[in-house]
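Participant: One structure follows; several queries about it will come next.
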Amino acid sequence: MKINGNQITPGMVIEHQGGLWAAVKTNAVKPGKGGAFNQVELKNLIDGRKLNERFRADETVERVRLEQKDFQFLYAEGEDLVFMDLATYEQMQLAAEFVGERAAFLQDGMTVTVEMHEERPIGVKLPDQVTLEIVEADPVVKGQTAASSYKPAKLENGLRVMVPPFIASGERIVVDTNEVTYLRRAD
């Protein structure tokens, strides 16, 4: 589907210079002299390169629609992660580096959304929040101010997050998978 350069918004995927690019930031600029343009920061979906590009209102670009499929995480096999398509029960292996550092949040049976373009995986979207157990937390130091005294804690998946002083080892907390931050105690 063709769209004008001034219609590009963050999150949109376009075909540009022979590759697939996601718009990260956009800024509509109307200079005093000359025509208006859209300053767009693009990120390549295949290799992660970044690019700043100007698109004039009269330029057209090809907008790409990604197919989103639900997959279930089954297990890790060496450097690969094995997922199962919830519709067809077919299994697919993806390299752990394809998912990135957020692969640490994958739990057995977790449902993730895989974005596909022409049957090729482009990205994996994890749930925004996961519940994990704290395996190690520093004791509270008496006399610390309660305002901003977060302490480091180690989660069951090996990651470290900053938690409030009242959180102890063995408790379950809810963690934001995008920012890798503590949100609240688990119910």
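Nothing in this text is a laboratory measurement; each read-out follows from the coordinates by a stated rule. Source: prediction; values computed, not measured. Counting neighbours? That spans all protein chains shown, and the Cβs are built from the backbone with ideal geometry, glycine included.
Participant: Taking the Cα centre as origin and putting +1 on Lys and Arg beta-carbons and -1 on Asp and Glu beta-carbons, what dipole magnitude results for the chain, to the nearest 20 debye? If you can, show how the numbers build up before the last one.
Facilitator: Values: 22 positive and 29 negative charges, 247 e Å.
In debye, rounded to 20, the chain gives about 1180.
Participant: Taking the Cα centroid of the stretch 145-187 and of the stretch 18-84, what is the distance between the two, rounded to the nearest whole Å?
Facilitator: So the separation of the two Cα centres works out to 32 Å.
Participant: What is the packing order of peptides 99-105, 134-140, taking the mean over residues of other C-beta atoms within 10 Å and listing the highest first? Write out the running numbers ahead of the final one.
Facilitator: Values: 99-105: 16.4, 134-140: 14.0.
Taking the mean over residues of other Cβ atoms within 10 Å, the ranking is 99-105, 134-140.
Participant: Shifting gears a bit: Counting only other residues whose beta carbon sits under 10 Å from that of VAL114, what net charge do I get with K and R as +1, D and E as -1?
Facilitator: For residues surrounding VAL114, the net value is -2.
Participant: While we're looking at this one, here's another question. Sorted by packing (mean other beta-carbon atoms within 10 Å per residue), highest first, where do 7-17, 86-96 land?
Facilitator: Per-residue mean Cβ counts within 10 Å order the peptides as 7-17, 86-96.
Participant: Okay, next question. Can you pull the three principal axis extents for the Cα set of the stretch 1-110, in Å, largest first?
Facilitator: Each principal axis gives a Cα extent; for the stretch 1-110 these are 58, 27, 22 Å.
Participant: Can you pick out the pairs among LYS69/LYS154; LYS30/LYS50; LYS43/LYS154; LYS69/LYS151; LYS50/LYS151; LYS43/LYS69 whose Cα atoms lie more than 27 Å from each other?
Facilitator: LYS69/LYS154; LYS43/LYS154; LYS69/LYS151; LYS50/LYS151
Participant: Running a GNM on the chain with Cα contacts under 10 Å, which residue among LEU51, LEU81, LEU106 ends up with the highest mean-square fluctuation?
Facilitator: So, out of LEU51, LEU81, LEU106, the one fluctuating most is LEU51.
Participant: Taking just the alpha-carbon atoms of the stretch 33-187, what radius of gyration and Dmax come out, in angstrom?
Facilitator: For the stretch 33-187, the Cα-based Rg and Dmax read 20.8, 64 Å.
Participant: Using only helices, what value at 222 nm comes out for the chain when you add -39,500 (n - 2.57) per DSSP H run of length 4 or more and divide by the total residues, to the nearest 500 deg cm²/dmol? Mind showing how you got there, number by number?
Facilitator: Details: 1 runs with 4 residues, N = 187.
Rounded to the nearest 500, the figure is -500 deg cm²/dmol.
Participant: Considering only GLY32, VAL82, PHE98, whose Cα is most displaced toward the positive end of the charge dipole of the stretch 22-119, charges sitting on Cβ of Lys, Arg (+1) and Asp, Glu (-1)?
Facilitator: GLY32
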